[in-house]
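What follows is a single structure, written as structure tokens, with notes after it.
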Amino acid sequence: MKATDRTDFPASAPIKAWGRGVLFMLSVLAVHAAEPRTVHLQRPAPGPAFDGWGTSLCWFANAIGRWPEPQRSEIADALFSDRGLNLTVVRYNIGGGEKPGHQHMPWFRQMEGFQPSPGVWNWQADAGQRWMLEAAIKRGANWLEAFSNSPPYWMTLSQCASGGADPKSDNLDPRHEAAFADYLAEVVQHFRTAWGIQFDTLDPMNEPYTDYWHSDGNQEGCHFERPSQARLIRRLRATLDQHGLEAVKISAADETNYDRAIGTWESYDAETRNCVARINAHAYATERRTELRTMARDANKPLVMSEVDGGDGAHDHAAIGPALVLAGRIIDDLRDMQPLQWVFWQAVEDEASAAKSNHNWGLIHADLSGDTHAWAFTKKYHALANFSRFIRPGAVLVPCDSPDIVAAYDHSRKMLVIVTRNAQATDEAVAYDLAPFGPGSMHVDAYRTSGTEDLVKVTGGTVTHGQFSAVAPAQSITTYLMTLGADPVRD
């Protein structure tokens, strides 16, 4: 990978109108004889609005935050500015910190802790991730969550921040449970008083009820049995209150999949549930999306998809396959789970690791392990932009009867946004029934990501008599923007 591999932001990509026009006409001719599939959209009901897209900062910010200018600011722009993905949700990892001389993680995954030994605090630690957090805030990020992967090594039974000798057993030493809660509260308080950074939520665990986290592993992690989780949550709530941090809410439990998230929540008693303000869940298995949504609504708790990614396909920055998989995950979650926020794992992955293992994790690939400071977009970056650039905080989801389409309505802009995914090998004609949004004529703008396009503006069209028809090219993601003359909910 060379620095010249880097591309400009999608909004400034050159438009080759003649070539795209020819492709558009050919696709129209190819499906002209076929009856279009009709998709029905319903009037959005008043209710909780979507509150933003996001990413966690570990581990990539540990490396990139230490890069020189302009490279580190270019990546911050690509993720958090309105010229990039316009992410507004940031998850900051409070590192545990590994035992000195105990080297078994890639350097950028070994997060620095703020308490290297009992009674000793180092507020100069974690300079890279802290730089990226401040850069995100400067660019508009407005929901900040702190989370922990592991307690400091000296609080663990294994004396190792990556997990226990038995990954199926608790690794936090019960004698240090109070010290761990105090550690998290002290860090959050210091960010507020010393640096003016106010965390909205704090999640004390990451995928706690798994057997992934073992000593001498390649990342921080800690197993918590469910009774131990509940006990820590209750203690943390009391500790935050004692520190004057009543405004910092607890989210939990960041379980690895929706099935495990349901089981963990059902195991908590009423007192523990009352201490949890938001239910966080990772989307590495999603078969019970609607059950998780129902469970959260019955508990009157906001639901957040707080982590997902995948290495689908071989290592190829331009491959459309992983982008289509990502788009499918987003559509499924927004339709069935209906989360308050949707948060990617880490937006930037190590290029050398991706090439060696032949995977496609990450939205951007960068030289995290070396010192070239080179980086490049993957096609997944542009796929996420099809959603995050246009479905903005405050939008409400619009019911739709297609499994490959998601729609949202933005009251502030009076704008209907429709994202259509066609993962098939052939083009598809789609007729959108927009009658609930009124009979008036509306102009349609369109932006597409495909094997040859990176969020480029393409031919849109016009809504006439509540109908709009378009061709979804094979293996593409297309976003349609329609500005309404009247608000279908409030007017």
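The values are calculated or read from the model by the stated rules, or taken from the named source; none is laboratory data. These figures come from a predicted structure and were not determined experimentally. Methodologically, a virtual Cβ is constructed for each residue, glycine included, from the backbone with ideal geometry; neighbour enumeration extends over all protein chains shown. For the accessible areas, the whole protein counts, side chains as well, though only heavy atoms, and no ligand, DNA or RNA atoms are used. Shrake-Rupley method; radii C 1.70, N 1.55, O 1.52, S 1.80 Å.
Out of (1) in contact (Cβ under 8 Å) with a residue 40 or more places away in the chain; (2) β-branched (Val, Ile, Thr); (3) not in a loop (DSSP other than H, G, I, E, B), the odd one out for Ile391 is which?
For Ile391, the failing item is (3).
Residue by residue, here is whether (1) more than 30 Å from Ala296 (Cβ to Cβ); (2) hydrophobic (A, V, I, L, M, F, W, C); (3) part of a loop (DSSP other than H, G, I, E, B) holds:
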position: Arg43; (1), (2), (3): no, no, yes
position: Pro48; (1), (2), (3): no, no, yes
position: Leu87; (1), (2), (3): no, yes, yes
position: Pro100; (1), (2), (3): yes, no, yes
position: His104; (1), (2), (3): yes, no, yes
position: Met111; (1), (2), (3): no, yes, yes
position: Trp123; (1), (2), (3): yes, yes, yes
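Within the stretch 217-263, can you find the residues that are within 24 Å of Gly310 (Cβ to Cβ) and among the acidic types (Asp, Glu)?
If the condition is that a residue be within 24 Å of Gly310 (Cβ to Cβ) and among the acidic types (Asp, Glu), then Glu220, Asp254, Glu255, Asp259 are the ones that fit.
State all residues of the stretch 385-395 that are closer than 16 Å to Leu340 by Cβ and open to solvent by 10 Å² or more (accessible area, probe 1.4 Å); if no residue qualifies, say none.
Matches in the stretch 385-395: Arg392, Pro393, Gly394.
What residue, among those in the stretch 203-261 that are acidic (Asp, Glu) and over 27 Å from Gln159 (Cβ atoms), is farthest from the chain's Cα centre (by Cα)?
Asp241
Is the stretch 338-346 home to any residue that is over 21 Å from Arg293 (Cβ atoms), surrounded by 19 or more Cβ atoms within 10 Å (Cβ to Cβ) and touching a helix residue (DSSP H, G or I) at 6+ places or on another chain (Cβ under 7 Å)?
Checked the stretch 338-346: at least one residue is over 21 Å from Arg293 (Cβ atoms), surrounded by 19 or more Cβ atoms within 10 Å (Cβ to Cβ) and touching a helix residue (DSSP H, G or I) at 6+ places or on another chain (Cβ under 7 Å).
So which residues in the stretch 113-130 are surrounded by 17 or more Cβ atoms within 10 Å (Cβ to Cβ) and touching a Lys or Arg at 6+ places or on another chain (Cβ under 8 Å), if there are any at all?
Once the filter is applied, which keeps residues that are surrounded by 17 or more Cβ atoms within 10 Å (Cβ to Cβ) and touching a Lys or Arg at 6+ places or on another chain (Cβ under 8 Å), the stretch 113-130 yields only Gly128.
Pairs, please: C-beta under 6 Å, at least 6 apart or cross-chain, first residue within 21 Å of His465 (Cβ to Cβ) and in the stretch 407-432, second among the polar types (S, T, N, Q) and open to solvent by less than 10 Å² (accessible area, probe 1.4 Å)?
Once the first residue is within 21 Å of His465 (Cβ to Cβ) and sits in the stretch 407-432, its partners that are among the polar types (S, T, N, Q) and open to solvent by less than 10 Å² (accessible area, probe 1.4 Å) give Thr420/Thr478.
Would you check if there is a residue in the stretch 314-323 being assigned to a strand (DSSP E or B), over 24 Å from Asn142 (Cβ atoms) and open to solvent by less than 10 Å² (accessible area, probe 1.4 Å)?
To start, the set of residues in the stretch 314-323 that are assigned to a strand (DSSP E or B) comprises none.
No, the stretch 314-323 contains no residue that is assigned to a strand (DSSP E or B), over 24 Å from Asn142 (Cβ atoms) and open to solvent by less than 10 Å² (accessible area, probe 1.4 Å).
So, of the residues in the stretch 253-292 that are assigned to a strand (DSSP E or B), of a type outside the set (Lys, Arg) and out of contact with any helix residue (DSSP H, G or I) (no Cβ under 7 Å at 6 or more places or on another chain), which turns out to be most open to solvent (accessible area, probe 1.4 Å)?
Filtering the stretch 253-292 for residues that are assigned to a strand (DSSP E or B), of a type outside the set (Lys, Arg) and out of contact with any helix residue (DSSP H, G or I) (no Cβ under 7 Å at 6 or more places or on another chain), the one most open to solvent (accessible area, probe 1.4 Å) comes out as Ala277.
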